[in-house]
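Asker: Before I ask anything, here is the structure I am working with.
The values are calculated or read from the model by the stated rules, or taken from the named source; none is laboratory data. Note that this is a predicted model, so its numbers are computed, not measured. Note that we place each Cβ from the backbone using ideal geometry, even for glycine, and neighbour counts take in every protein chain shown. Quick note on the areas: whole protein, heavy atoms, side chains included, nothing else; ligands and nucleic acids left out. Shrake-Rupley method; radii C 1.70, N 1.55, O 1.52, S 1.80 Å.
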Amino acid sequence: MIRGRPFLQIPGPTNVPDTVLRAMDRPVIDHRSPEFAALTRELLPGLRRVFGTHEGAVILYPASGTGAWEAALTNVLAPGDRVLAFNYGHFAAGFAQTARDLGYRVDEVPLRWGQALTGAVVAEHLARPVTPPYRALLVVHNETSTGVTSNIAEVRAALDAVGSDALLLVDAVSSLGSLPFQFDAWRVDVALTASQKGLMLPPGLGIVCASPRALAVAERGGSPRHFFDWRPIVRDNAAGFFPYTPATLLLFGLREALRLLDEEGLEHVYARHQRLADGVRAAVRAWGLGLLPEDPATCSNTVSAVVLPPALDSDALIARARERFGLALGVGLGRLKGRVVRLGHLGALNELEVLAMLAGVELALRECGLALPLGRGVAAAQEVFLQPAVQVATAR
Ligand SMILES: *Cc1c(COP(=O)(O)O)cnc(C)c1O
């Protein structure tokens, strides 16, 4: 048994701040009481700020990101509807598979794992008209399996350029609250996330943001659904209630997590993630190892997928880090199993915690037989953290 702070450095669930834990350590209240209604009415505008929307409706479920996928799809798509998806990682593939399992017709374009979804690729696949036309485009903003962030503004511009009226559905599970997200400016139709990543909460909430256009589609269409149906939720939320028993204590935690994001300022939160990720990337370079993203400009500021030498199995490295140091690192998912180790650097995290994680990874790499001088990666990150922090304008 390793005493002291456990190092949870997987890309979700992330570390939960003490004040968030304390906010949830309270008696469960009546979810039909005025006190509860006041809580709901505070949370929804707070979440809208994080999504970057004035017009969108935020919908909360006792679920996870996978449930939010199903909610997003079943509210805006009718049985048999055709959608376009791109396979550029484990979660992009999972979103597409969810759509297939639900009976939609999915055209899934294979990309390389490590590629970003670019506007050019989207435009190329939308250029030839299909019958029936695409009703939706499925996109993962930050592909957690490869450590690649795609540019949603570019994807939106590609949709506009070809005159497609497909709805833009964006998985923002490992980006929201850690990377800039502009629901209104990018004219996203449905964005979705979960509580256990950038929002610094335990697992248990699936969260969706729907545009007025998506709400209108859902109002008169969609697929057979009950639990995930937006209509009764939006109706009851207006008075601060839910048509089912909500995850009461998680919602108290969410209030505190939103307060923490607001206190730091979202622009500062994003700048901190940039800085921490720069430190991690400097360490990986100093180790002489590579990152999976093909274009360095698309490297994620929330997760780094480090490619190991063929002789070193990442599952063995991860087991060593766990057993020796109580350090949890992310495994290679799907076809990346054994090949990459994913370092999570999102949510509640600071420079010293990143340095400790890097020190642990270095030790584990050495113990697994990689000839690497100790301290080199840590020192490279320290050099990054010596640089003055970038000043950001705080827009409140
Ligand atoms: C974690 C994650 C999911 C899945 O969410 P669950 O909460 O595990 O169901 C979906 N998409 C992305 C990009 C993720 O990182």
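Asker: For the range 132-216, what is the per residue volume of the convex hull drawn over the alpha-carbon atoms, in cubic angstrom? Don't skip to the end; give the middle numbers.
Answerer: Numbers: hull volume 9.5 nm³, N = 85.
Per-residue hull volume (Cα only) is 112 Å³.
Asker: Please compute, over every Cα-Cα pair in the range 312-378, the percentage with a separation greater than 18 angstrom.
Answerer: Numbers: 800 of 2211 pairs.
For the range 312-378, the fraction of Cα-Cα distances above 18 Å is 36 percent.
Asker: For the range 214-357, just run the numbers: alpha carbon Rg, then divide by 2.2 N^0.38 Å, N being how many residues it has. The partial results should precede the final answer.
Answerer: Details: Rg = 20.8 Å, N = 144, 2.2 N^0.38 = 14.5 Å.
Ratio of Cα Rg to 2.2 N^0.38 Å: 1.43.
Asker: Among 224-233, 202-211, how do they line up from the highest to the lowest mean number of other beta-carbon atoms within 10 Å? Before the final figure, lay out each step's value.
Answerer: Working: 224-233: 16.1, 202-211: 23.6.
Taking the mean over residues of other Cβ atoms within 10 Å, the ranking is 202-211, 224-233.
Asker: Report, to two decimal places, the Cα Rg of the range 181-256 normalised by 2.2 N^0.38 Å (N = number of residues).
Answerer: Taking the Cα Rg and dividing by 2.2 N^0.38 Å, one obtains 1.19.
Asker: Quick query: amide H of Val109 versus all other amide H atoms, modeled in the peptide plane; which residues come in under 5 Å with a sequence gap of 5 or more or a different chain?
Answerer: Ala85, Phe86, Asn87
Asker: Further, regarding this structure: With +1 on the Cβ of every Lys and Arg and -1 on the Cβ of every Asp and Glu, and nothing else charged, how large is the dipole of the chain about its Cα centre, in debye rounded to the nearest 20? Show your work: numbers first, answer last.
Answerer: Working: 38 positive and 38 negative charges, 86 e Å.
I would put it at about 420 debye.
Asker: Now a separate question. Glu42 versus Asp101, label points 7 Å from Cα toward the beta carbon: distance in nm?
Answerer: Spacing of the two 7 Å Cα→Cβ label points: 3.6 nm.
Asker: With every atom except the alpha carbons ignored, what do you get for Rg and Dmax of the chain, in angstroms?
Answerer: Rg and Dmax of the chain, Cα atoms, are 21.0, 63 Å.
Asker: How far, in nm, would the chain grow between Ala297 and Ala157 when pulled straight, counting 0.36 nm per residue and subtracting the alpha carbon separation? Intermediate values should be presented prior to the final figure.
Answerer: Details: separation 140, 0.36 × 140 = 50.40 nm, distance 1.91 nm.
Roughly 48.5 nm would be gained on extension.
Asker: Continuing with the same structure: Between Glu219 and Asn350, what is the spin-label point distance in nm, taking each point 7 Å from the Cα along the Cα→C-beta axis?
Answerer: 4.8
Asker: With a 1.4 Å probe and all protein chains left in place, how much accessible area per residue does the chain have, in Å²?
Answerer: In whole numbers, the chain has 41 Å² accessible per residue.
Asker: While we're here: So if we plug the beta-carbon distance of Asp165 and Arg259 into 1/(1 + (r/R0)^6) with R0 = 30 Å, what FRET efficiency do we get, rounded to 0.05?
Answerer: Working: r = 39 Å, r/R0 = 1.29.
E between Asp165 and Arg259, to the nearest 0.05, is 0.20.
Asker: For the pair Asp25/Gln387, report the inter-label distance in nm, with labels modelled 7 Å from Cα in the Cβ direction.
Answerer: According to this spin-label approximation, the distance is 3.9 nm.
Asker: Hey, got a sec? Which trypsin sites (Lys or Arg not before Pro) in the range 1-82 land in a DSSP loop and have at most 12 other Cβ atoms within 10 Å? Kindly include the intermediate steps, with their values, before the conclusion.
Answerer: On the way: sites: Arg3, Arg22, Arg32, Arg41, Arg48, Arg49, Arg82; in loops: Arg3, Arg32.
In loop regions of the range 1-82 (DSSP not H, G, I, E or B), the sparsely surrounded trypsin sites (Lys or Arg not before Pro) are Arg3, Arg32.
Asker: Collect residues whose amide H, placed 1.01 Å from N in the peptide plane, falls under 5 Å from the amide H of Gly290; neighbours closer than 5 in sequence don't count.
Answerer: Placed amide hydrogens put Val307 under 5 Å from Gly290.
Asker: Given 25 °C and 0.890 mPa s, how large is the Stokes-Einstein diffusion coefficient of the range 93-186 in µm²/s, with Rh as the Kirkwood radius over Cα pairs? All intermediate terms of the calculation are to be shown ahead of the outcome.
Answerer: On the way: Rh = 14.0 Å.
Answer, rounded: 176 µm²/s.
Asker: Let me ask something additional. In the range 1-120, if every C-alpha pair distance is counted and binned at 5 Å from zero, what percent goes to each bin?
Answerer: Spelled out per bin, shortest first, that is 2, 8, 11, 13, 17, 16, 12, 10, 7, 3, 0.
Asker: Starting from the alpha-carbon convex hull of the range 11-77, give the projected area averaged over all orientations, in nm².
Answerer: Working: hull surface 26.0 nm².
Value for the range 11-77: 6.5 nm².
Asker: When DSSP beta bridges are limited to those with both residues in the range 169-274, what percentage is antiparallel, rounded to the nearest 5? Please report the intermediate quantities before stating the final value.
Answerer: On the way: 5 of 9 bridges.
The answer is about 55 percent antiparallel.
Asker: Ignoring any ligand, DNA or RNA, what whole percent of the accessible area of the chain comes from carbon and sulfur when the probe is 1.4 angstrom? Each step should come with its number before you reach the end.
Answerer: Values: 9000 of 16170 Å².
In the chain, the share of accessible area belonging to carbon and sulfur is 56 percent.
Asker: Put +1 on the Cβ of each Lys and Arg and -1 on the Cβ of each Asp and Glu in the range 196-339; which of Ala216, Leu336, Ala321 then has its Cα farthest toward the positive end of the dipole?
Answerer: Going by the Cα projections, it comes out as Leu336.
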